[in-house]
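All remarks here apply to the structure that follows.
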Amino acid sequence: MSQFFTVSVLVATLATAIKFAVPYLLAALGETIGQRSGVLNLGVDGIMLLGAFGGYYTVIQTGSHLQGILVGLGIGLAIGIVYAYVTVFLHAQQGISGIGIFLFGLGFSDLLFQELVGTPKPIRPLPTLDKLPGVGGIFEPLVDIDIVGPLLFDHNLMTYMAFLLVPATTWLLMKTTFGMNVRAVGENPQAADSLGVSVAKTRLIAILIGSSLAGIAGATLSLQLAIFQHNLTNGIGFIAVALVYFGAWRPRWVMAGALLYGLVTATRIRWQSLDIIPQGASDIAAMAPAIITILALVLLASRVRGPAALTRPFSRH
């Protein structure tokens, strides 16, 4: 255990935790917007899986990480349109519809992988700032700064985008007309409708934003890991949904939860590499994120109040 508590190992673990937190954060921020409008999407994990394969396969074909991220966004947007039509316009039960999206994403992403790729093929991971062509030289000296360098500058652009989205999401929800409409629709859609706010349109846009971010989260995950395999997310999407509850529908607390999960994952992997965890206990340690999720939901269930109209379909008739 003592080898873990050295400056170099602790810094490396924290830097890895930030990296692992990114897919959680992207997906959870999108789900925060959706839930604030009154829509629960349990299909986040399925969207992430499809986005992960789409981004991974695009990089295999084109070598472009940017195109891979954009494909992930497009996949999320397409699935979001389907989910919005089913839940907002057909008034289908949100939980069941979300599970259907998850099962579709789980099965179809694996089918596409088996048919188009077959066996896992490593790709180039997302480059860190000091490796970006044309600008890498500017950041390379910063990465070498003790402690601060690895924590702040040894990351890819998607990491910075994810954390910049935290204040951006807060601003969107709290300072814009659209955000006010989202919150109104999530709390009292009948009252919002009486004031001329289109409940269907507002929820549609919120779902599309959330699904697009889930697709980007999946693509980011596969491009960070530089590989794709069956069930790559391993439940990250469901944890992202739980993070919205954990963060009480506030982006900054959602970010704190994402960092916590990233730290737990990074610490487990580091302990395994240092043989701190006994071989037989590795499977138990892998359950840590799920255990934390359950405990957090139990502890917070009676202490936080979500949007009043969450999961409730709205009809003017």
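The values are calculated or read from the model by the stated rules, or taken from the named source; none is laboratory data. The structure displayed is predicted, hence computed values, not measured ones. We place every Cβ from the backbone using ideal geometry, glycine too, and count neighbours over all the protein chains shown.
List of remarks:
- When G95 is tested against (1) in a helix (DSSP H, G or I); (2) at pLDDT 95 or above, exactly one condition is not met: (2).
- Test result for L129, at pLDDT below 95, among the hydrophobic types (A, V, I, L, M, F, W, C), surrounded by 17 or more Cβ atoms within 10 Å (Cβ to Cβ) and farther than 20 Å from Q229 by Cα: yes
- Pairing each residue of the stretch 39-58 that is at pLDDT 95 or above with any residue that is of a type in the set (G, A, S) and not in a helix (DSSP H, G or I), provided the two are 6+ apart or on different chains, yields C-beta distances under 8 Å for D45/G235; T58/S64.
- Pairs are defined by a Cβ separation below 6 Å, a sequence spacing of at least 6 or placement on different chains, a first member in the stretch 179-190 that is under 13 Å from A308 (Cβ atoms), and a second member that is among the β-branched types (V, I, T) and part of a helix (DSSP H, G or I); the pairs so defined are V185/V199; V185/T202; P189/V199.
- Boolean, Y24 is under 30 Å from D146 (Cα atoms) and assigned to a helix (DSSP H, G or I): yes
- Test: residue in the stretch 74-90 that is closer than 30 Å to S37 by Cα and not in a helix (DSSP H, G or I): yes
- Residue ID - surrounded by the most Cβ atoms within 10 Å (Cβ to Cβ), chosen from residues in the stretch 76-91 that are over 21 Å from G218 (Cβ atoms) and touching a residue at least 40 places away in the same chain (Cβ under 8 Å): V88
- Residue within the stretch 226-234 that is assigned to a helix (DSSP H, G or I) and either in contact with a helix residue (DSSP H, G or I) (Cβ under 6 Å, 6 or more places away or on another chain) or closer than 18 Å to L112 by Cβ (or both) present: no
- Matching entry among D154, D193 (being assigned to a loop (DSSP other than H, G, I, E, B), in contact (Cβ under 8 Å) with a residue 12 or more places away in the chain and either among the acidic types (D, E) or closer than 23 Å to G72 by Cα (or both)): D154
- Residue within the stretch 197-204 that is of a type in the set (S, T, Y), part of a loop (DSSP other than H, G, I, E, B), over 14 Å from the mean Cα position of the chain (by Cα) and surrounded by fewer than 20 Cβ atoms within 10 Å (Cβ to Cβ) present: yes
- Evaluating K121 against the criteria (1) assigned to a loop (DSSP other than H, G, I, E, B); (2) at pLDDT 95 or above; (3) among the charged types (D, E, K, R) leaves one unmet condition, (2).
- Yes/no for I269 being over 15 Å from the mean Cα position of the chain (by Cα), outside any helix (DSSP H, G or I) and β-branched (V, I, T): no
- Across the stretch 92-111, the qualifying residues are those that are closer than 16 Å to L40 by Cα and among the polar types (S, T, N, Q), and the one among them that is surrounded by the fewest Cβ atoms within 10 Å (Cβ to Cβ) is Q93.
- Within the stretch 73-108, the only residue that satisfies the criterion of being farther than 30 Å from F314 by Cα and in contact with a helix residue (DSSP H, G or I) (Cβ under 7 Å, 6 or more places away or on another chain) is F108.
- Some residue of the stretch 250-261 being surrounded by fewer than 24 Cβ atoms within 10 Å (Cβ to Cβ), basic (K, R), at pLDDT 90 or above and part of a helix (DSSP H, G or I): yes
- Residues of the stretch 37-70 that turn out to be part of a helix (DSSP H, G or I), buried (at least 24 other Cβ atoms within 10 Å of the Cβ) and not hydroxyl-bearing (S, T, Y), as a count: 15
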